[in-house]
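One structure is given below, encoded as structure tokens.
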Amino acid sequence: MTGRRMASAAKILRVLLLAAAGVLTPAAVAFAVPPVISNPNHPYDPDWPAIQVLLAQKCTGCHRAGNEDRQDFTSYRALMAAGVADDLPAIVPGRPEDSYLWECVAWNAAADPESDLAGEPMMPEDKHEWLTAGQQAMVKRWIERGARQWRHGCGGRAEGDARRTATPLLESDFPSAKQCKACHPKQYREWSRSMHAYAQHSPMFEAFNLTLLERTGGTLGTFCSRCHTPLGTALGENGLVRNVNRSRLSTEGVTCVACHRQSKAFHKSNARQFIEPGASLETCMFGPFEDATAVPQGHASAKNPFLKQSAFCGSCHDVTSPDGVRLEEAFSEWRHSPAAAQDITCQSCHMGPVQGVPIADSCRPLGRAATVP
């Protein structure tokens, strides 16, 4: 308790004792004791962060500003203003049966013969993205409770309020690889089959990490997991968290934004990098191209030359244990190899059309980076 609060509590106690002794009248007591001020109902809905992630992963690939054929679902304000017509809004707070969004995503996921829901939903178009029974229940519950929001970073205040407070990062502060898939299907396919995508899923790694934590009494911390799940570490998950208890974003391992949200060089840092938080269409993504340009329907883009250097890979692929043991020396080995002398980078061999065969940047069969709806 701070000194000011202690003084205030002591003053109130003194007033009450004087009133009990008959020294003060009830009117004086009422005047002397500070009134209790109760906060109004907070505009926070516990389902909104998960709803925000759900919309980002399953809807905003098509439902975004600039796409005239679809309503914009990229922000709470846009979602509440969207609709097929004035008499058919996307969201009617308190009434999911009148909300066009619910009409599109609801379906009989449990195959209940007594259900009135359709056998298939209208949206999303990809059957692998159809909402589960639990996700449908969450959407319906959120609309029934008034479709309220909580914009992270505003201290729970309504969107547009400029007063900011320091709050922890949430999963909704980073886009999932599934969200990137809408415009980058080729890159998503390549990533989804890579060891980067498997980095945290690996049962071998999980067992190895937990064994080391046990043998070091937990003092190893996130030494291993911060390379295998950079976003999980950024979200505050410690090394002891099992995969079944991690966030969905954490189990994506080295996901898209783990590399493409780094705005500057961090060099050999054992994955101690800062990853820029923010919604996919509101925050810049960094790539290797000089002529990176943004399109009206997409996110801002800029060049980070560090992405094309071997030192970028060395931030994770050159590991020294806390007691000085060299665990992995991929970057150090490259530094002392003929390839480094010939300016052949890690990316030249490992990000070309044929694994292990170096290729110059000018010879890479690069196509369009994205297909914007």
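The values are calculated or read from the model by the stated rules, or taken from the named source; none is laboratory data. Computed from a prediction, not measured in an experiment: that's the story for all the values here. Don't worry about glycine lacking a Cβ; one is built from the backbone with ideal geometry, like all the others, and counts go over all protein chains shown. When the accessible area is computed, the model is the full protein with side chains, heavy atoms only, and any ligands, DNA or RNA have been set aside. Shrake-Rupley method; radii C 1.70, N 1.55, O 1.52, S 1.80 Å.
The table below gives the values:
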read-out: Pairwise label distance in nanometres, Gln309 with Met138, each label 7 Å out on the Cα-Cβ vector; value: 4.0 nm
read-out: Pairwise label distance in nanometres, Phe289 with Glu114, each label 7 Å out on the Cα-Cβ vector; value: 5.6 nm
read-out: Label point distance in nm, Phe266-Arg248, each placed 7 Å from Cα along Cα→Cβ; value: 2.5 nm
read-out: Cβ-Cβ FRET estimate between Asp323 and Tyr198, R0 fixed at 35 Å, reported to 0.05; value: 0.80
read-out: Options Asn108, Met122, Ala133, ranked by Cα towards positive dipole end of region 95-139, top entry (Cβ charges); value: Ala133
read-out: Difference of contour (0.36 nm per residue) and Cα-Cα distance, Glu190 to Asp87; value: 32.7 nm
read-out: Charge dipole (debye, nearest 20) of region 193-324; +1 at Cβ of Lys and Arg, -1 at Cβ of Asp and Glu; value: 60 debye
read-out: Region 239-334: C-alpha gyration tensor shape, a/c 1.5 cut-off, then a/b vs b/c; value: oblate
read-out: Proximal lysines relative to Lys308, as straight alpha-carbon distance under 30 Å, when same-chain residues fewer than 8 apart are discounted; value: Lys178, Lys181, Lys186, Lys264, Lys268
read-out: Listed peptides 316-324, 171-179 by packing density, highest first (mean Cβ within 10 Å); value: 171-179, 316-324
read-out: Ellipsoid equivalent to region 285-373 - semi-axes via the Cα gyration tensor, in Å; value: 30, 18, 10
read-out: Ordering of 284-290, 120-126 by burial proxy (mean other Cβ atoms within 10 Å per residue, highest first); value: 284-290, 120-126
read-out: Exposure of Lys127 as accessible area (Å², to 10), given a probe of 1.4 Å and all protein chains; value: 130 Å²
read-out: Probe 1.4 Å - accessible area at Glu129, Å² to nearest ten; value: 30 Å²
